[in-house]
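A quick write-up on the structure given underneath.
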There are 2 protein chains.
Amino acid sequence: MSLGSVQPTTAGAGCSYSSETVVNIVIDLLRCNPCLRALVGMSEPSTLDIFRHSSEAIAGEYDGPETELKETSSHELEGANSDAEVSAVAVEGSAERMTYKSPRLPTPPSSTNKMCPHANGDVPANGTSEMVGIELKPNGVNGTNGVSHTPKLQPQRNPYAPRASDFLNNVSNFKIIESTLREGEQFANAFFDTKTKIAIAKALDSFGVEYLELTSPAASEQSRRDCEAICKLGLKAKILTHIRCHMDDARIAVETGVDGVDVVIGTSSFLREFSHGKDMTYITKTAIEVINFVKSKGIEVRFSTEDSFRSDLVDLLSIYQTVDKIGVNRVGIADTVGCANPRQVYELIRTLRGVVGCDIEVHLHNDTGMAIANAYTALEAGATHIDTSVLGIGERVGITPLGGLVACLYAANPEYVKSKYNLPALRELENLVAEAVEVNVPFMNPITGYCAFTHKAGIHAKAILNNPSTYEILKPEDFGLTRYVSIGHRLTGWNAVKSRVEQLGLKLTDDEIKDATAKIKELADVRTQSMDDVDSLLRVYHSGIQSGELAVGQKEALDRLLKEHRETQTRELAVAA
Amino acid sequence: MSLGSVQPTTAGAGCSYSSETVVNIVIDLLRCNPCLRALVGMSEPSTLDIFRHSSEAIAGEYDGPETELKETSSHELEGANSDAEVSAVAVEGSAERMTYKSPRLPTPPSSTNKMCPHANGDVPANGTSEMVGIELKPNGVNGTNGVSHTPKLQPQRNPYAPRASDFLNNVSNFKIIESTLREGEQFANAFFDTKTKIAIAKALDSFGVEYLELTSPAASEQSRRDCEAICKLGLKAKILTHIRCHMDDARIAVETGVDGVDVVIGTSSFLREFSHGKDMTYITKTAIEVINFVKSKGIEVRFSTEDSFRSDLVDLLSIYQTVDKIGVNRVGIADTVGCANPRQVYELIRTLRGVVGCDIEVHLHNDTGMAIANAYTALEAGATHIDTSVLGIGERVGITPLGGLVACLYAANPEYVKSKYNLPALRELENLVAEAVEVNVPFMNPITGYCAFTHKAGIHAKAILNNPSTYEILKPEDFGLTRYVSIGHRLTGWNAVKSRVEQLGLKLTDDEIKDATAKIKELADVRTQSMDDVDSLLRVYHSGIQSGELAVGQKEALDRLLKEHRETQTRELAVAA
């Protein structure tokens, strides 16, 4: 808890509580709040008993020199330091199966930097998103603290958006590892020949993903040749290949010309028992051997467990800490079976963030439809790299889809995402892959789904016509797409119809438009009206008003005019034929 | 914080810190941790300054009679009471725009029940899920505390699963409000005639959803007639209709025979400016009028804001508190634009849970693909009702899909979900709706997607054949579906092939199977092999071994035998033709 970071304002005055009591209060707070435990990297409340038993000793430390406490910087008071220190202690306790060794707290100030030492983590999340950002106020209510605010320019901010205090948040600071050519090849329908692989690799590269992950060259002869061919394309994206944690595979991988190797092994008891049958000692030994070998070739190496969310937490943290110490570039957390939910992901990544200094990659399957949200939450907790595939293709229902991930990250910070990726290329990229694996782009796909920007209900259409931000968190034009307002149905409203009347250059009063809308609803109760149908009705209504043959509320007159119009059309068609 | 619920163990001994300091420690903890603030229902750290300024007064209260503190029950020490009290205070502060009135803390014990007084919230989450549950250990490490554990029976539990301490968690205690016939009708492709509406209503009812929500009878004549017809079907599900917050609509709605009315109005500045143009005073006045009117008819009423995540938090809490006081059955939170992410949802629902006593419904759009996860997280935070539609159809890319929600809730607690819903009926229900709106069930749909239970990579196939739980969090048989292991591709492995050899009743050694697998990979590098192709190859290999024409590693011999086999087949086909 780094109690030392709390600055006593008037220490000594009115002393009614002992240091031991103070420690107990903190312990009780931690025991009651799993979320707080997650924040300080503590997985089980039982760890707390160690603190309680040692509370007198801790309190002794806590009674340390007051001047030192006062030197604590204001940054540290904001939580960074305190979290880092407890997390380190908690982890030490876990790894050694609760055999607490030393009550010496707090740790030296140098450990302040240990919390988030990787390149990505030190930059706070950019909270200035256009639609869901938050205006960061100073603590004083309505104070300006020397900064001049112009709230009029951005009148509405979202109080639930990421906070600057989420100092681990990488939502505006991440890299994508695109695995369509590895995980995607495990999709039931996928068979990529060399030409297709190269086309997909080039399309992904021009979209702007930072990494491409390819099938292991050990899988087959052609897989090895394709891997070599893609390495020779000279793409901007770094090329990785994905191998089992085995020296045979590693030796083949490093010869292909890749920029890095992603190593994986199953650590859950399910996989240890029913898959490879190895114990943690063997896994650790092999991991060290493979990582050192890949590093010796001067290329990147990532070590990931498989089925991380059903692996023993102590085993996981222990092996990640080991590989971090020998200099692995990234560790990977994989929800191989798709069982994780967002708060679990947050808790595990947050815990891991306190244990390793290297980058953290996440690979999340989508069996329960939560892979996009889990990826987003992983970034909030300090992950740095997200695995995706185009349309999410992969084993079973696949993994985090590239388009969906881009959608939620764009919603958080449109400018950052627009600056990183060629968003209008997304649709063609998805079409390319959909064609290669013979699937349709799902109708409910974020961004590119059929009618992702179609507005139907009258209440929506009215507001969208006034200001698209009312019902759109994504701007279609940023993705090279257009919005469509549907009005020929029974849920339509007169405001939407009015907009169409104006587009057609017709002059009708509001009462007349309401009257025409009632007729559209009546017709649409029988069958949906096309835009042509709606336009005809509006023109007929307009000419009736102009000629004096029609007035508001004259239902029979309108029906007669519409009938005449239909008959004229039929005659014209007959003549033309 | 209800500091009173923390039991001082040896109060008075070694008093090195004042009560004021204690309060400051707690304040600093709250300031540093947004997640902890969320847990205690505090949205902005600035609220904390009120506590700090009043810390002496609070500390005075804290110094209350020790005997009373010791009477606090162990349940209260687990966090329920302390959270409830702070939350009430924080909200009072927010609603009155930080004009803190009284430093008198803690509140009387009677408020203990206020935290979660609705019917659903008092039952803790069932943590006994089959695949991702957690074994709840007593605090003592490896202690049994009188309970005999049989860890051998369930060797692997997930440390990241919901905890019993998540006392607000409704993941195993929720109701579904199925809105295919309301939100779904707003999908661009949807036009439901009466017959289709009735078919969908009956199918949803036999699946087991608790509520059906129908389009407003004010939308059109046919909408009104259809609403009346569905009310007369005598379904088990309660029938709701969804109206604008307006007396005209309410008068029509209550005459249709529905069991309840869902009232909605936009409260975000976007909607207040560009949609209805009303201010909060008008909204509140109308809401009270409509709610009292619906209640006077003896039916359920829900009040929801629209675009809740871009509405002013104080406005939101204020209107929800008001409608709760006049006895609304449910309040609704709507992410109308699909901008929310899981931790935002958790924070808002958790805050609201501390403000209202009634049920909480959530309606979540899927524009960034997070609607399933957001719904799950809302239940974790204490929501009681989730809106869904079949396949998620609705405005734009729609809302939380019924199937996806069922998938993630099944993963959390299979037995509860199986007992509530007729899971094998899901596929037909989805097909019915997909046909009605002329879309395909997306290939990556949870549960029913093409190949949701197809396993391809060799490493996966091997483990699945040993134990399906290795790579499956959902059991296909619970949904009336079957798994499929794909082996005719270059990512195949010899263990998967071995399983097929055994199914075919062939006798081959492991070395022979590895040899045959190498040939399958070689052929699959050119084109994917069908199961027939694989079977033929295995039979030819087997007969070659039996006859002595073939041995491990004799590539040419195998190629010759396969060629002969193809020629024989071609001749037979020619003779048959």
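The values are calculated or read from the model by the stated rules, or taken from the named source; none is laboratory data. Quantities reported herein were computed from a predicted structural model and do not represent experimental measurements. As a convention, Cβ positions derive from the backbone with ideal geometry for all residues, glycine included, and neighbour counts pool all protein chains shown. The area values use the complete protein model at the heavy-atom level, side chains included, leaving out ligands, DNA and RNA. Shrake-Rupley method; radii C 1.70, N 1.55, O 1.52, S 1.80 Å.
Counting Lys +1, Arg +1, Asp -1, Glu -1, what net charge surrounds B:D367 among other residues with beta carbon under 14 Å of its beta carbon? Could you put the intermediate results ahead of the total?
Values: positive: A:K475, A:R483, B:R310, B:R396; negative: A:E472, A:D478, B:E183, B:D307, B:D335, B:E395.
Within the 14 Å Cβ shell, the charges total -2.
Compute the accessible area per residue over the range B:454-576, keeping the other protein chains in place, probe 1.4 Å, unit Å². Spell out each step's value before the answer.
Numbers: 6060 Å² over 123 residues.
Here the residues of the range B:454-576 average 49 Å² of exposed surface.
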Original post:
To one decimal place, what orientation-averaged projected area in nm² is obtained for the convex hull of the Cα set of the range B:270-405?
Top reply: 8.0 nm²
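Assign unit charges at the C-beta atoms only (+1 for Lys and Arg, -1 for Asp and Glu), then state the dipole size of the range A:246-372 relative to its Cα centre in Debye, rounded to the nearest 20. Intermediate values should be presented prior to the final figure.
Values: 13 positive and 19 negative charges, 68 e Å.
Once rounded to the nearest 20, the dipole reads 320 debye.
Tally Lys/Arg at +1 and Asp/Glu at -1 over every other residue whose Cβ is under 12 Å from the Cβ of B:A434; what's the total? Before the final figure, lay out the partial values.
On the way: positive: B:R427; negative: B:E428, B:E430, B:E435, B:E438.
Charge balance in the 12 Å sphere: -3.
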Original post:
Accessible area of B:H276, 1.4 Å probe, to the nearest 10 Å²?
Top reply: 50 Å²
**OP:** Run the 1.4 Å probe and let me know the accessible area of A:L474, rounded to the nearest 10 Å².
**Re:** 10 Å²
Subject >> Accessible area that becomes buried as B packs against A, both chains, 1.4 Å probe, Å², nearest 100 >> reply: 13100 Å²
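Using the C-alpha gyration tensor of the range A:334-444, what are the square roots of 5 times its eigenvalues, in whole angstrom, with the largest one first? Display every interim value, and only then the final one.
Numbers: eigenvalues 121, 61, 24 Å².
Here the semi-axes work out to 25, 17, 11 Å.
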**OP:** Between the chain alone and the structure with every protein chain in place, find the residues of the range B:173-188 that drop at least 10 Å² of accessible area; heavy atoms, 1.4 Å probe.
**Re:** B:E185, B:Q186, B:F187, B:A188
Original post:
Which residues of the range B:453-477 bury at least 30 Å² of accessible area once all protein chains are present, versus their chain alone (1.4 Å probe)?
Top reply: B:T454, B:K456, B:I459, B:H460, B:K462, B:N466, B:N467, B:S469, B:T470, B:Y471, B:I473
Original post:
Once the range A:454-576 is represented by equal point scatterers at the alpha-carbon sites, with solvent omitted, what log10 I(q)/I(0) does the Debye formula produce at q = 0.09, 0.11, 0.15, 0.17 Å⁻¹?
Top reply: -0.28, -0.42, -0.72, -0.87
Original post:
With every protein chain in place, what's the accessible area of B:E415 (1.4 Å probe, Å², nearest 10)?
Top reply: 100 Å²
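Considering only protein heavy atoms and a 1.4 Å probe, what is the carbon-and-sulfur percentage of the accessible area of the range B:454-576? Before the final figure, lay out each step's value.
Details: 3050 of 6060 Å².
Here it works out to 50 percent.
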**OP:** Quick one: which residues, 5+ away or cross-chain, put their amide H under 5 Å from the amide H of A:V437? H built at 1.01 Å from N.
**Re:** none
Subject >> Summed residue charge, Cβ within 12 Å of B:Y211's Cβ, Lys/Arg positive, Asp/Glu negative >> reply: -4
Original post:
Put B:T400, A:T322 in order of accessible area, largest first, 1.4 Å probe: what do you get?
Top reply: A:T322, B:T400
Original post:
Per 5 Å bin, what is the whole-percent P(r) computed from every C-alpha pair distance within the range B:175-436?
Top reply: 1, 6, 14, 18, 20, 19, 13, 7, 2, 0
